[in-house]
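The values are calculated or read from the model by the stated rules, or taken from the named source; none is laboratory data. Given the structure is predicted, the values throughout are model-derived calculations rather than measurements. We place every Cβ from the backbone using ideal geometry, glycine too, and count neighbours over all the protein chains shown.
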Amino acid sequence: MLVPGFKFAATAAAIKKPGVLDLALMVADTPAAAAGVFTKNRVKAAPVVITQARLRKGLAQAILVNAGNANACNGPRGLETARATSRAAAKLLNIPELLVLPSSTGVIGAPLPGDRIIQALPQLVAGLHPDGLGEAARAIMTTDTRPKAALVQGNVGGKQFTLAGIAKGSGMIHPDMATLLVFIFTDAAATPQVLKTLLRQALPTSFNRITVDGDTSTNDTILLLASGKAGNPVISETGVMMSALGEAVNRVMYDLARQVVADGEGARHVYRIEVTGAATAAEAKKAALTVALSPLVKTAMAGEDVNWGRIMAALGRSGANFDPERVDIAFGPHPVVQNGRGLGPKAEAAAQQVIKSGPFTVTINLNNGAFADYYETCDFTEDYIRINADYRS
């Protein structure tokens, strides 16, 4: 997975536990145009605060990421540790400290062992190579069961470009912007403002349309860096080139978002809740999100139980305006409710096979208007409880 203009490396710094990859470094050959979006949680981790401030100039040259420790709720000590580790990385890379963006994920409230990061940095810098993005994807995992990566290629201004991204996310996943780290790299040439616009345009159909458990994090970060090595005219305004790059950003972010949901902590079933026939766009969104987030619906899906009554109950508390006597519900192509009433055991048996067969869609028609919306989500299993109960032990 090569992106011209970038090198990557990963190592084990004993932040999670000895011998496990938990520290990644991603470096541009020269300062790159950069943009980011971050958690809306009022409680922000030290690396988020620092990276947000450093991105105001729209340039970055390195991203230093650790897993196993969020460096959140550590006060001034957390800020100084993030600055000290990025300062040490900058010195080894011979670049300005302000071009190093720190990022962290893991346990909240525990002091980040900055000395271990600094000790690991020489080996990390020495290991930088163009095809190391896959190693970095593994190093940023926490409760993830597998690394997440996506790549697309396209053409802008007569030049071929590559855009690749990696993500970390499994639990604490919810819109605004879901709990995750996402790092995207392209060799296309574009201004920081264009990159920021493309990120914000892609969010509503990717990371803001997934939910696992309703929790958001202190560390959510999405960064997009552009090296300009593709040689295209710099994309600085709306037009054909911006649309082409935007399509690539959309595809990579959607792909990564789906991978995050599929890897939801303990998830066995991945599905989409799609609401149609709502009176307003806001009501379609509220209805879809309430059903997607319902613990009772999620546990029913885990048990492969077509318990449509739980869906009706969730709709009823969503705040959407509708007549319960007009609601239709289907699992894939199989209707189980028409005009608010169940269609019986035979219909439910067909719907159950949809749940068993793999990713599926639950379609809910409120028959009260022309608006629609959706959320991608997954079930709740006993593994979700086990993973989070044992998270710090």
Taking residue 322 and the conditions (1) out of contact with any Lys or Arg (no Cβ under 6 Å at 6 or more places or on another chain); (2) under 17 Å from residue 271 (Cα atoms), which numbered condition does it fall short on, given that it satisfies the others? (2)
Condition check for residue 41: surrounded by 16 or more Cβ atoms within 10 Å (Cβ to Cβ), out of contact with any strand residue (DSSP E or B) (no Cβ under 9 Å at 6 or more places or on another chain), closer than 28 Å to residue 207 by Cβ and in contact (Cβ under 8 Å) with a residue 24 or more places away in the chain: yes
Looking across segment 183-218 at residues that are modelled with pLDDT of 95 or more and assigned to a strand (DSSP E or B), the single one that is nearest to residue 140 (Cα to Cα) is 183
Considering only residues that are of a type in the set (Ser, Thr, Tyr) and surrounded by fewer than 24 Cβ atoms within 10 Å (Cβ to Cβ), which ones fall in segment 253-294? 254, 276, 280, 290, 294
Counted residues in segment 241-280 being within 15 Å of residue 157 (Cα to Cα) and in contact (Cβ under 8 Å) with a residue 60 or more places away in the chain come to 5
Is one or more of the residues making up segment 5-18 within 17 Å of residue 190 (Cβ to Cβ) and either basic (Lys, Arg) or part of a loop (DSSP other than H, G, I, E, B) (or both)? yes
Select, from 380, 322, the only residue that is assigned to a loop (DSSP other than H, G, I, E, B), more than 25 Å from residue 169 (Cβ to Cβ) and either modelled with pLDDT of 95 or more or of a type outside the set (Asp, Glu) (or both). 322
Condition first: closer than 15 Å to residue 121 by Cβ and either modelled with pLDDT under 95 or crowded, with 24+ Cβ neighbours inside 10 Å (or both). Now tell me which residues in segment 16-26 satisfy that. 22, 23, 24, 25, 26
Looking at the structure I just gave you, is residue 92 touching a strand residue (DSSP E or B) at 6+ places or on another chain (Cβ under 9 Å), assigned by TED's automatic domain parsing to the domain that holds residue 12 and under 13 Å from residue 27 (Cβ atoms)? no
Condition met for residue 251 (in the same structural domain as residue 207 (by TED's automatic domain parsing) and touching an Asp or Glu at 6+ places or on another chain (Cβ under 9 Å)): no
Please state which one of 266, 309, 246 is part of a helix (DSSP H, G or I), small (Gly, Ala, Ser) and modelled with pLDDT under 95. 309
Could you give every pair whose Cβ atoms fall below 8 Å, whose first residue belongs to segment 85-107 and is at positive phi, and whose second residue is crowded, with 18+ Cβ neighbours inside 10 Å and hydrophobic (A, V, I, L, M, F, W, C), counting only separations of at least 6 or pairs across chains? 106/15; 106/67; 106/70
In segment 353-367, anything over 23 Å from the mean Cα position of the chain (by Cα) and either among the charged types (D, E, K, R) or crowded, with 18+ Cβ neighbours inside 10 Å (or both) is listed as 354, 355, 356, 363, 364, 365, 366
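Quick grid of which residues meet (1) in contact with a helix residue (DSSP H, G or I) (Cβ under 8 Å, 6 or more places away or on another chain); (2) of a type in the set (Val, Ile, Thr):
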position: 241; (1), (2): no, no
position: 250; (1), (2): yes, no
position: 255; (1), (2): no, no
position: 259; (1), (2): no, no
position: 262; (1), (2): no, no
position: 288; (1), (2): no, no
position: 292; (1), (2): no, no
position: 306; (1), (2): yes, yes
Considering residues of segment 219-243 that are of a type in the set (S, T, N, Q) and assigned to a loop (DSSP other than H, G, I, E, B) only, the residue farthest from residue 101 (Cα to Cα): 238
Go through segment 103-131 and give me each residue that's over 15 Å from residue 11 (Cα atoms), surrounded by fewer than 21 Cβ atoms within 10 Å (Cβ to Cβ) and among the aliphatic types (A, V, I, L, M). 107, 108, 110
